[in-house]
């Protein structure tokens, strides 16, 4: 995309997975990319690979140092860092707090710092929010993830409603399973729900760039998510019944898990 040449781009959570794929793609298009990740070594490795700049640390505080590294302006901000925690209401408060802070508040803080400047100079900007299909649907086994990803989607939607006529483009990226470290860490839940139709991080990057070219808000790397979203909205009891069957299957899998042959499990 010619408009990205020399653009200042920030990608959080870019030490691997979707974030690294986005960083590589932006760099290939000629953008100047800031690679952010909590893991400084991973951030440095991706930055060195693409000729970008590593700004490691918490995604909530990246805007200031990233803006400085880019010479004063961020044109595209990819709020990609996220955490996925298992559990329901019994999950400890610190798990819920971390989920809210990383999956939602980090997006709010970034927008708080970016939007005024984008509006003031009249050049606008682009905010890319990695939400997950869980933000449109839900995720069995993980209330903190499901709830905060719904909130992340709502915030991205609100940004688009409020600022699109003033030159700010917003994209909500909602993949299902993606072959990343996060998927590998989800255990039985990921194997049952996400792994069967998992795609590669590069496929997500392709979907994001297609949406940017079309100026399209909703990014669905798994097209079937749209059909599931329609059923959820039009026939909620049917959809809830189907998801509850999946929950029951997950419970059966977890009950049987200790009896699995270790060689098979490995």
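What ranking of 239, 158 emerges when the number of other C-beta atoms within 10 Å of each C-beta is taken as an exposure proxy, fewest first?
158, 239
At 0.36 nm per residue, and after removing the present C-alpha to C-alpha distance, how many nm does the segment from residue 28 to residue 119 gain when stretched out fully?
30.0 nm
Simple spin-label model, 7 Å along Cα-to-Cβ: residue 181 to residue 3 in nm?
Rounded to a tenth, the inter-label distance reads 3.3 nm.
Relative to the present Cα-Cα distance, how much length would full extension add between residue 245 and residue 41 at 0.36 nm per residue of separation?
69.2 nm
With P(r) over Cα pairs in 10 Å bins from 0, in percent in mind, check [x] 6, 26, 29, 22, 13, 4, 0; [y] 7, 30, 36, 19, 7, 1, 0; [z] 6, 28, 33, 23, 8, 2, 0, 0 and report the label derived from this structure.
Of the listed options [x] 6, 26, 29, 22, 13, 4, 0; [y] 7, 30, 36, 19, 7, 1, 0; [z] 6, 28, 33, 23, 8, 2, 0, 0, [y] comes from this structure.
Pairs of Cα atoms under 8 Å, at least six residues apart: use those to get the relative contact order of the chain, whole percent.
Relative contact order comes out at 15 percent.
Expressed as an acute angle from 0 to 90° and rounded to the nearest 10, what is the orientation of the C-alpha long axis of helix 224-234 relative to the principal long axis of the chain?
Rounded to the nearest ten degrees, it is 70.
Under a plain spin-label model, where a point goes 7 Å from the Cα along Cα-to-Cβ, how far apart in nm are residue 158 and residue 215?
Inter-label distance under the simple model: 2.5 nm.
What 222 nm value per residue comes from the helices of the chain, counting each DSSP H run with n ≥ 4 as -39,500 (n - 2.57) and dividing by all residues, nearest 500 deg cm²/dmol?
So the helix-based figure for the chain works out to -15000 deg cm²/dmol.
In degrees from 0 to 90, rounded to the nearest 10, what is the angle of the helix 201-214 Cα long axis to the longest principal axis of the chain?
Approximately 50 degrees, to the nearest 10.
Residue 108 versus residue 234, label points 7 Å from Cα toward the beta carbon: distance in nm?
Spacing of the two 7 Å Cα→Cβ label points: 3.5 nm.
Among 112, 126, 73, whose mean-square fluctuation peaks in a Gaussian network model of the chain (Cα, cutoff 10 Å)?
For the chain, modelled as a Gaussian network with Cα springs under 10 Å, the answer is 112.
Mind grabbing the base-10 log of I(q)/I(0) for segment 1-60 at q = 0.21, 0.22, 0.29 Å⁻¹? Debye formula, identical points on the C-alpha positions, no solvent, two decimal places.
Ignoring solvent entirely, the Cα scatterers give -0.64, -0.69, -1.12.
Taken together, the values in this text are just the output of simple stated rules run on the coordinates, not laboratory data. Only a predicted model underlies this, so the values are computations on that prediction, with no experimental measurement involved. Every residue, glycine as well, gets a Cβ built from its backbone with ideal geometry; the counts of neighbours run over all protein chains shown.
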